[in-house]
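To start, the structure under review is shown below, and the notes come after it.
The values are calculated or read from the model by the stated rules, or taken from the named source; none is laboratory data. The model shown is predicted, which means the values in this text are computed figures rather than measured ones. Cβ sites come from the backbone with ideal geometry, for glycine too, and all protein chains shown count toward neighbours.
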Amino acid sequence: MGLELKKTVVLVGMMGAGKTAVGRALAARLGVPFLDSDAEIEKAANMSIAEIFARDGEPFFREKEARVIARLLESERGILSTGGGAYLAEGNRAMISDLGVAVWLDADIDLLWSRVKHKDTRPLLRTANPRGTLEQIYAARVPVYALADLPVKTEAGCSIEQTADRVVDALKTRPDVLKEV
């Protein structure tokens, strides 16, 4: 018995939650394309997210991000990984729920910190106290992520494949999104 994806699955959540890694595993498992809004933005701008933030500011980046997400949702059915801030915009949330399904990869602060503390690719964490900044971002964003269609807990002892299994199980509760064939 196979699985047929009916709508694009949009992975939302904090930086370090595993959206890209789990998204790739999920796409491979379901035999659909993996799409990454940040990678698409970088390709279109020919610069990194951090460079776009530095040169043009966050509002400019968020505008481009919304356009890219709209294009990806309308063009191809697959697994879409979004940047951590993408789901905060009400317009993006509405568009994602209309054209796809939002899956929140819910990771706790300790797990997130363990994954992002050694990376310098996170423009929002370029502060004097990056852990404190991460905690502030987390506190502000979790209530918005909780609006996602399907929450899926990600935990430290869980492999990428196990987390992908949890996402598939959650998606199976939505036959309009994932159908057994």
Looking at the range 36-50, is at least one residue under 18 Å from residue 179 (Cβ atoms) and out of contact with any His (no Cβ under 9 Å at 6 or more places or on another chain)? no
Of the residues that sit in the range 6-29 and are within 17 Å of residue 75 (Cα to Cα) and among the basic types (Lys, Arg), which one is surrounded by the most Cβ atoms within 10 Å (Cβ to Cβ)? 7
Suppose the filter is surrounded by 15 or more Cβ atoms within 10 Å (Cβ to Cβ) and in contact (Cβ under 8 Å) with a residue 60 or more places away in the chain; does residue 32 pass it? no
Considering the range 74-90, residues that are surrounded by fewer than 18 Cβ atoms within 10 Å (Cβ to Cβ) and in contact with a helix residue (DSSP H, G or I) (Cβ under 8 Å, 6 or more places away or on another chain), and then whichever is nearest to residue 141 (Cα to Cα), we arrive at 88
Helices (runs of 4 or more DSSP H) fully within the range 91-181 counting 2 or more residues that are surrounded by fewer than 18 Cβ atoms within 10 Å (Cβ to Cβ) and of a type in the set (S, T, N, Q): 130-145
Only one of these is at pLDDT below 90 and either among the β-branched types (Val, Ile, Thr) or at positive phi (or both): 16, 31. Name it. 16
Checked 84, 78, 57 against criteria (of a type in the set (Gly, Ala, Ser) and touching a Gly at 6+ places or on another chain (Cβ under 8 Å)); the one match is 84
Checking residue 80 against (1) part of a helix (DSSP H, G or I); (2) in contact with an Asp or Glu (Cβ under 8 Å, 6 or more places away or on another chain); (3) of a type outside the set (Asp, Glu): exactly one of these is not met. Which one? (1)
Of the conditions (1) within 22 Å of residue 95 (Cβ to Cβ); (2) touching a residue at least 24 places away in the same chain (Cβ under 8 Å), residue 143 clears all except one; give me its number. (2)
Of everything in the range 74-120, what is within 16 Å of residue 151 (Cβ to Cβ), among the hydroxyl-bearing types (Ser, Thr, Tyr) and more than 11 Å from the chain's Cα centre (by Cα)? Give them in sequence order. 97
Filter result (exposed (fewer than 14 other Cβ atoms within 10 Å of the Cβ), of a type outside the set (Gly, Ala, Ser) and either more than 18 Å from the chain's Cα centre (by Cα) or in a loop (DSSP other than H, G, I, E, B) (or both)) within the range 35-73: 46, 51, 55, 59, 60
